[in-house]
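What follows is a short report on a single structure.
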Amino acid sequence: MACTCCDCQEPLEILDDVAIRIKQTDRLKASLDYLATAKGGWVKLYRCKECGQFWQSSTYETGVAHFYEVLYPVPPIDLQEWLEHPYLDAVQIAENRTKIMRVENELGPEIGPELCRIEDCHRLRVAHSVFCQQHHIENLQKIGALPQLPAINNDAGLSLNSQPLGCPVGVVVP
Ligand SMILES: [Zn+2]
Ligand SMILES: [Zn+2]
């Protein structure tokens, strides 16, 4: 049986991507071997027995007591190393990014005419804030009203966005 690893490589940017991946989970898991669990059961590690691709899964909770396991491809890793430091939770990051995008949409465009209140920022303020969109968001993150996203140069963060192994674009593997 051929695995479906190569069909499920889209990064989980936002919750819409998570919803798509949830529908692919059963088919994906058919070819996966379970390896380990970390963080009290909230993240798991698998490896595909067909192609060797590693997958991490996180638990996504929607509504009341609706839990879904969501898989995303990760680079190969030593089991002990993973148990000590699992990869970043891609589902949590997608959830956080979605929250931030919703606030950005609510803030609307930077209409000014005043400049953002932050020194050396040359952007205009949004309608209901003295700051530009970016600095308004950063302020909310500083006071804990919005989550932070991991820095792009974070090792694990990078690897979540890295090109997966063994899935050449446009080439059908026999
Ligand atoms: Zn596979
Ligand atoms: Zn600004």
Starting from a Cα-only point model with no solvent, please compute log10 I(q)/I(0) by Debye for segment 4-47 at q = 0.21, 0.28 1/Å. -0.82, -1.10
Order of Leu32, Leu15 - criterion: other Cβ atoms within 10 Å of each residue's Cβ, fewest first: Leu15, Leu32
Rounded to one decimal in nm, the spacing of the 7 Å Cα→Cβ label points at His128 and Ile143 is 1.4
Viscosity 0.890 mPa s, temperature 25 °C: Stokes-Einstein D of segment 5-88 from its Kirkwood Cα radius, in µm² per second? 187
Taking only Cα atoms of the chain, what ratio of Rg to Rh do you get with Rh as the Kirkwood inverse-distance radius? 1.07
Output the peptides 57-67, 132-142 sorted from most to least packed, where packing is the average of other Cβ atoms within 10 Å over each peptide's residues. 132-142, 57-67
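FYI, it's all coordinate maths here, none of it is from the lab. As the structure is a prediction and not an experimental result, all values here were calculated from the model. Positions of Cβ are generated from backbone atoms using ideal geometry, with glycine treated the same way; all protein chains shown enter the neighbour counts.
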